[in-house]
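Structure record follows, encoded as structure tokens.
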Amino acid sequence: MTMVRRKQLTSLLVGTLLGTAAALASPAEAGKVSGVAKDATASTTYGTAERRAVGRLFDGDPATTWCGSRKVKDTVTLALGESMPLTVLTLSLGNASAWKDSPRVKQVIVTVREGDRTVKKIRHKWPDHDEPSDGTVNLGAPGDNVLVEFDKVYAGATPRALCVGEFGLEGVDTAAVALAGMSDEERLGAVMRSFTSVREGDGANATLAIKRGGMFTFEASDLRVSGRWSFAAAPGTGTTAKTMLRFTPQSAVDGSKRLTVPAGLATHYVPMRHGAGTPPVPVPWLSYANEAGALALAQPVEVQPE
């Protein structure tokens, strides 16, 4: 197999959303998620933008693939906003529709780093299975970024480039990265729907409807909130990637009583997580409550698309 020396770097800026994200994370979820993705950037030189979209590595759907510029020596960098213990890296190794005809991952070199300093380097090989399978690399090292180099492949019968279905770090929520990698039409289709929210403490279901025209409603047995929504960059990051949802309540009533909308909720930002669905849907992690006659954010126990 010819080793192509040309490299392409795809950078993924992934960090921890503070403030709103921390306030909305339930105790159960807090134990599962140590970092929340906030941004994604990519530079590409080969193939169509749709096939090369980096967000497809993080959308939870192995059928939507990211493709390198060649069969080998392309790299992906996953960067975190802060250093944290990194345990497991996962990869979906190939394209199920043409497994033996396509290039398939044979070996990766994974480097856990603190800035530019190497903390740990792992060379990991996979056998060539008859069907596509997930790959797992045990990291066991702290770091603020991970570099993955696709070092060797099983060449396949075609000249096409290597395509990979999924890439993830255990404990890092990548819904916002997936959302940022979508086209405007895909992004709208992913979030413009109804979601069921279970609020902590009362166990009562509520419904959040993300509607056309930038409108939303939130309805529980005792509460109705309506207003406007839009895509937004994570506040304070200086990024232009549309990785969060911005909510502006315009009306909040509890029964027949109108609720005050505090200044802090006049416009607020809500992070997203992956929910159920095929492919998985980025879910607004949002719930409201009445707190002494004023609208307040409440910790959702669970949010799923209907």
| note | Note, the stretch 159-175: 3J(HN,Hα) by Karplus (6.51, -1.76, 1.60, θ = phi - 60°), whole Hz, Gly/Pro = x, goes x, 5, 7, 5, 10, 10, x, 9, 8, x, 10, 4, x, 10, 7, 10, 4
| query | For the stretch 147-211, with only Lys/Arg (+1) and Asp/Glu (-1) charged at the beta-carbon, what is the dipole magnitude about the Cα centre, in debye rounded to 20? | reply | 260
| message | Need the full-extension length gain, residue 192 to residue 101, defined as separation in residues times 0.36 nm minus the C-alpha distance. One decimal, nm. | response | 29.0 nm
| note | If the chain between residue 160 and residue 248 were fully extended at 0.36 nm per residue, the gain over the current Cα-Cα distance would be 27.0 nm
| field | Cα-based equivalent ellipsoid of the stretch 65-210: semi-axis lengths in Å, sorted from largest, via gyration tensor | value | 31, 22, 14
| note | A correct Kirkwood calculation over the Cα atoms of the stretch 118-172 returns a hydrodynamic radius in Å of 13.8
| task | Search the structure for amide H atoms under 5 Å from the amide H of residue 181, placed 1.01 Å from N in the peptide plane, and list their residues when 5 or more places away or on another chain. | result | 55
| message | Within the stretch 106-221, what whole-number % of the accessible surface is contributed by carbon and sulfur, with the 1.4 Å probe and all protein chains included in the calculation? | response | 46
| query | Using alpha-carbon positions, what is the distance between the centroids of the stretch 112-131 and the stretch 178-198, in Å? | reply | 32
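The values are calculated or read from the model by the stated rules, or taken from the named source; none is laboratory data. Just so it is clear, the model here is predicted, and its values are computed rather than measured. Here Cβ is always computed from backbone atoms with ideal geometry, including for glycine, and neighbour counts include all displayed protein chains. Keep in mind that these areas ignore ligands, DNA and RNA; they rest on the heavy atoms of the full protein, side chains included. Shrake-Rupley method; radii C 1.70, N 1.55, O 1.52, S 1.80 Å.
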